[in-house]
Amino acid sequence: MEKDKLETELKELKSLIQPDFLSRMLNKANVLAKKDQENASLLLHKLSHLLRYQLYDSTRDKVLLSADISFIKDYLNLERVHSNNFDFTVIANGNTNQALVSPLLFIPIVEKAIKYITVNKLDRDPVIEIIFELKKDMLYFSCIYPLASTKQKEIEPDDLSRRLELLYGKNYKLIIEQNDINNINSLQLCL
């Protein structure tokens, strides 16, 4: 019973991912449909690709890291369509076609970065830098984005912390920090 309870909790935590993303993208497609049907069609096609991953592939316990990275890139490209006020880079070092991770594990951190950038006034053009690095049985993930001029304490996503605890026990480390110019959210996983 305890195992079933934990599995149910994990499914609920995963289902909380991107609750407002779909409605924002559909609203954007609706607006585009009136002005630019070709771009609206392209947006809906990209959105369907993301939803397919979220509905089908992410139901598995583990997915290839490369698939989750592709999802993040697609997600960021769609977010840029909605709010074209940031750029991003995604760097992956190591064989991401062989490493398995829990699906949609990194997206809460990426979502937090986008929300931070769109809500705060930044002194420079924001760039979100996402880095995945595999070393032996360890995965190092970082999401780095500019600090706002009014320095706010960054908080870690509660749902993500609980999910990490359920999935990896003590075999992870989530670090939320700021330096003089950036917010840095790092996650280390023992695979």
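The values are calculated or read from the model by the stated rules, or taken from the named source; none is laboratory data. Just so we're clear, the structure is a prediction, and the values are computed from it rather than from any experiment. For neighbour counting, all protein chains shown are included, and Cβ atoms are generated from backbone atoms with ideal geometry for every residue, glycine included.
Count, please, the residues in segment 169-179 that happen to be surrounded by 13 or more Cβ atoms within 10 Å (Cβ to Cβ) and either touching a strand residue (DSSP E or B) at 6+ places or on another chain (Cβ under 6 Å) or in a loop (DSSP other than H, G, I, E, B) (or both).
Adding up the residues that qualify gives 5.
Return yes or no: is Thr150 out of contact with any helix residue (DSSP H, G or I) (no Cβ under 7 Å at 6 or more places or on another chain), in a helix (DSSP H, G or I) and modelled with pLDDT under 90?
no
With the checklist (1) touching a residue at least 24 places away in the same chain (Cβ under 8 Å); (2) part of a loop (DSSP other than H, G, I, E, B); (3) closer than 30 Å to Asn39 by Cα in hand, flag the one item Arg124 doesn't pass.
Just one mismatch for Arg124, condition (1).
Would you mind telling me which numbered condition in (1) modelled with pLDDT of 90 or more; (2) within 23 Å of Ser83 (Cα to Cα); (3) of a type in the set (Val, Ile, Thr) Ile175 fails?
Here Ile175 meets the rest and fails (2).
Among (1) assigned to a strand (DSSP E or B); (2) modelled with pLDDT under 95; (3) surrounded by 16 or more Cβ atoms within 10 Å (Cβ to Cβ), which single condition is Glu129 missing?
So the condition that Glu129 fails would be (2).
What number of residues in segment 76-107 are modelled with pLDDT under 90 and in contact with a Leu (Cβ under 8 Å, 6 or more places away or on another chain)?
Adding up the residues that qualify gives 2.
Taking the condition polar (S, T, N, Q) and modelled with pLDDT of 90 or more, does Ser186 pass?
yes
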